[in-house]
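*Asks:* After the structure tokens below, expect a handful of questions from me.
The values are calculated or read from the model by the stated rules, or taken from the named source; none is laboratory data. This is a predicted model, so every value here is computed, not measured. So basically every Cβ, Gly included, is an ideal-geometry build from the backbone, and we count neighbours across all protein chains shown.
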Amino acid sequence: MKPRSSGCTSLSLLSNSIFSIFSLVAVCALCSAVIGSLQPAQMSEFDRLPLQGVKIQYYDIDGRTADELKEAMRTRGPVDEFGRRSYAYTSWHVQWRWPSRERAAEEVDLRGAEVSLSISLTLPRWSGYERASSHLRARWNRFSQALLFHELGHVAIAHRTQASLRERFHEIGTTSQQRAELVARSVSSRFLSADGHYDRRTQGGLSQGVFLR
């Protein structure tokens with residue numbers, strides 16, 4: 001099994017006379033067992049999942065057996081920022097910004113902070129699904145549903161990060177820009193750790209049924 005690529009964090013500061021802007025990018029490259037997608041006939045499943053605002057993109061694969069499908073994903077899967085190929089790729093980006101106080105350039109009012117979140121998933125799409133045997137299609141369907149269940153764990157962590165930042169900012173109110181930075185980084189780092197722990201605890205989804213045999 002290909003080892004799971006570790007997540008990475010980057011923090012950047014953009015500023016002008018009105019706003020101080022900080023960005024956090026958390027990237028999770030799934031292990032080789034975490035692969036698959038729903039087929040067009042199953043897309044209605046998304047309506048019942050908390051995936052609003054999530055950008056979902058696909059890369060095409062083909063195969064007549066489970067082994068051929070896995071090999072296709074090994075060779076055509078997305079490449080992460082470290083140059084490592086994975087079967088699927090999940091990323092979330094939370095950005096926060098707050099207005100500076102006019103009379104105290106070093107202070108910020110976190111009650112006016114804006115916290116935005118974007119999430120994207122890259123998944124394989126099996127072009128031969130409609131031509132495959134009912135047995136292989138059933139295996140792929142079970143696998144795809146388990147994958148989505150696992151992915152929802154990452155989506156939930158991303159949303160909790162956004163909610164926790166908003167809550168913490170509101171509790172603090174007015175503070176120094178330095179402390180605001182430290183608080184934002186601390187909250188975000190805690191959830192980045194939780195994201196990695198989630199994959200370790202579930203073995204990248206294996207314990208949740210994410211495997212294709």
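*Asks:* Can you tell me which residues in the stretch 173-208 are touching a Lys or Arg at 6+ places or on another chain (Cβ under 7 Å), surrounded by fewer than 17 Cβ atoms within 10 Å (Cβ to Cβ) and at pLDDT below 90?
*Replies:* Result: no residue meets the conditions.
*Asks:* With assigned to a helix (DSSP H, G or I), among the basic types (Lys, Arg) and touching an Asp or Glu at 6+ places or on another chain (Cβ under 9 Å) as the only criterion, which of 137, 168 stands out?
*Replies:* 137
*Asks:* For the structure I just gave you, tell me whether residue 188 is within 17 Å of the chain's Cα centre (by Cα), farther than 19 Å from residue 210 by Cβ and not in a helix (DSSP H, G or I).
*Replies:* No, not satisfied.
*Asks:* I've got another one for you. What about residue 56, is it assigned to a strand (DSSP E or B), modelled with pLDDT of 75 or more and hydrophobic (A, V, I, L, M, F, W, C)?
*Replies:* Criteria met by residue 56.
*Asks:* Of all residues in the stretch 111-161, which are β-branched (Val, Ile, Thr) and closer than 18 Å to residue 89 by Cβ?
*Replies:* Within the stretch 111-161, 119, 122, 155, 157 meet the criteria.
*Asks:* Something else now. Could we say that residue 118 is at pLDDT 90 or above, out of contact with any helix residue (DSSP H, G or I) (no Cβ under 8 Å at 6 or more places or on another chain) and surrounded by 14 or more Cβ atoms within 10 Å (Cβ to Cβ) here?
*Replies:* When the stated conditions are applied, residue 118 passes them.
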